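The values are calculated or read from the model by the stated rules, or taken from the named source; none is laboratory data. Quantities reported herein were computed from a predicted structural model and do not represent experimental measurements. Cβ placement follows ideal geometry from the backbone for every residue including glycine, while neighbour counts extend to all protein chains displayed.
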């Protein structure tokens with residue numbers, strides 16, 4: 001995952017399937033305003049707890065947008081980012097298993113597929129419990145993210161996980177004391193707030209039952 | 001806040017100061033990849049608890065990106081969105097007080113200004129406690145958000161709040177039982193995950209002391 005070279009940026013082509021920027025014009029309280037924003041797919045995220053070994057399941061991956069935000073403005077001017085000065089680890093995140101809603105399937109089914117593809121657990125759909133949905137962002141994009149909780153066993157682990165196609169995803173397990181320690185440190189955490197919320201939700205609603 | 005008319009979208013001008021999209025090319029593990037993303041400012045968010053009346057302070061505002069994501073694809077094709085079919089309330093959010101880091105000031109100072117501008121409380125900088133920082137997003141943008149906690153009193157309320165310039169922001173107060181009830185409902189919540197995390201953090205770390 002850490003073998004990173006030849007990183008450089010170019011203008012966004014107009015046919016990007018992932019980033020579709022536009023300007024929204026509107027009149028609120030008689031005042032004309034505008035807001036620049038993106039169209040982004042809705043998504044699901046899944047809190048996975050392995051009850052065989054009492055560990056929470058996270059995924060680790062390289063996120064270009066986080067890596068790039070660590071590069072100082074002066075170094076962004078260069079033709080190519082110096083990957084010896086900025087190692088790949090700067091962009092490696094700890095997240096909940098997640099995926100975008102880009103197929104005509106139910107949220108439960110998409111969540112089930114992501115758990116299998118990213119983490120290798122084959123979970124019956126009835127074991128996926130929808131806990132809450134919220135807006136992934138409020139500024140440039142306002143897509144809906146739905147969070148699920150599921151408990152898995154070692155017997156459900158039928159594949160290695162790690163993602164599909166070119167994805168490079170590592171499955172990470174943490175015990176309840178480990179996540180408690182992690183969430184109580186100030187960071188900076190290379191994790192999104194949805195992951196912090198997920199950990200807090202688990203600690204507040206489920207951990208007691210599994211604490212030894 | 002709910003008086004919304006004449007909402008329509010146009011292509012993003014190339015000189016947008018808020019949305020700067022580009023494509024990042026890189027080689028990871030020998031494979032050439034690319035990722036479409038944005039440059040976004042870092043930000044601060046502040047959990048504000050009023051100890052005079054034991055209420056958490058939120059802000060309510062109209063968020064175009066959330067409103068737009070509620071508009072069905074077929075209705076996006078129209079020249080203008082039908083605001084009688086899609087009322088402004090669809091885009092009104094409940095959030096923590098927050099702001100972007102676009103000035104050459106300390107995070108504490110920016111947080112202090114946002115609390116004053118949005119919520120009207122004049123808080124000594126020493127009362128702003130940095131609790132955690134994390135990545136606001138991991139997909140199209142990876143900016144850093146730092147969360148603060150501060151306790152305020154009615155005596156610190158020196159202004160009305162509501163934002164500066166054209167901002168239309170409403171200050172909302174919720175008691176501890178009210179936020180507990182809110183966070184335990186499945187939603188969909190018109191709130192970002194950072195707000196859900198903030199509420200959980202407060203409930204887990206501070207609420208006990210102020211519960212009656």
Every listed condition ((1) facing chain A (nearest Cβ under 10 Å); (2) out of contact with any helix residue (DSSP H, G or I) (no Cβ under 6 Å at 6 or more places or on another chain)) holds for residue B:142 save (2)
The stretch A:1-43: strands (runs of 3 or more DSSP E) wholly inside it with 1 or more residues that are within 18 Å of residue B:7 (Cβ to Cβ) are A:20-28, A:31-39
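Residues checked against (1) more than 8 Å from chain B (Cβ to nearest Cβ); (2) crowded, with 18+ Cβ neighbours inside 10 Å; (3) under 21 Å from residue A:111 (Cα atoms):
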residue	(1), (2), (3)
A:2	yes, no, no
A:9	no, yes, no
A:21	no, yes, no
A:30	no, no, no
A:46	yes, yes, yes
A:55	yes, yes, yes
Screening B:51, B:74 for residues that are over 22 Å from residue B:144 (Cα atoms), surrounded by fewer than 19 Cβ atoms within 10 Å (Cβ to Cβ) and at pLDDT 95 or above leaves only B:51
Considering residues that are loosely packed, with under 15 Cβ neighbours inside 10 Å and more than 12 Å from chain A (Cβ to nearest Cβ), the number found within the stretch B:176-191 is 3
Just one listed residue, out of A:69, A:14, A:43, A:84, is under 23 Å from residue A:198 (Cβ atoms) and free of Cβ contacts under 8 Å to residues at least 40 places away in the same chain, and it is A:69
All-but-one check, residue A:80 against (1) more than 13 Å from every other protein chain (Cβ to nearest Cβ); (2) surrounded by fewer than 15 Cβ atoms within 10 Å (Cβ to Cβ); (3) touching a strand residue (DSSP E or B) at 6+ places or on another chain (Cβ under 6 Å), failing number (1)
Note on residue B:93: of the conditions (1) in contact with a helix residue (DSSP H, G or I) (Cβ under 7 Å, 6 or more places away or on another chain); (2) facing chain A (nearest Cβ under 7 Å); (3) within 15 Å of residue A:25 (Cα to Cα); (4) in contact (Cβ under 8 Å) with a residue 60 or more places away in the chain, unmet is (3)
If we keep only residues of the stretch A:192-212 that are more than 9 Å from chain B (Cβ to nearest Cβ) and not in a helix (DSSP H, G or I), then the residue surrounded by the most Cβ atoms within 10 Å (Cβ to Cβ) is A:206
Restricting the stretch B:96-114 to residues that are more than 12 Å from chain A (Cβ to nearest Cβ), touching a residue at least 40 places away in the same chain (Cβ under 8 Å) and over 18 Å from residue B:192 (Cβ atoms), the one farthest from the chain's Cα centre (by Cα) turns out to be B:108
- Do we find that residue B:161 is within 28 Å of residue A:182 (Cα to Cα) and either within 11 Å of another protein chain (Cβ to nearest Cβ) or touching a helix residue (DSSP H, G or I) at 6+ places or on another chain (Cβ under 8 Å) (or both) in this structure? no
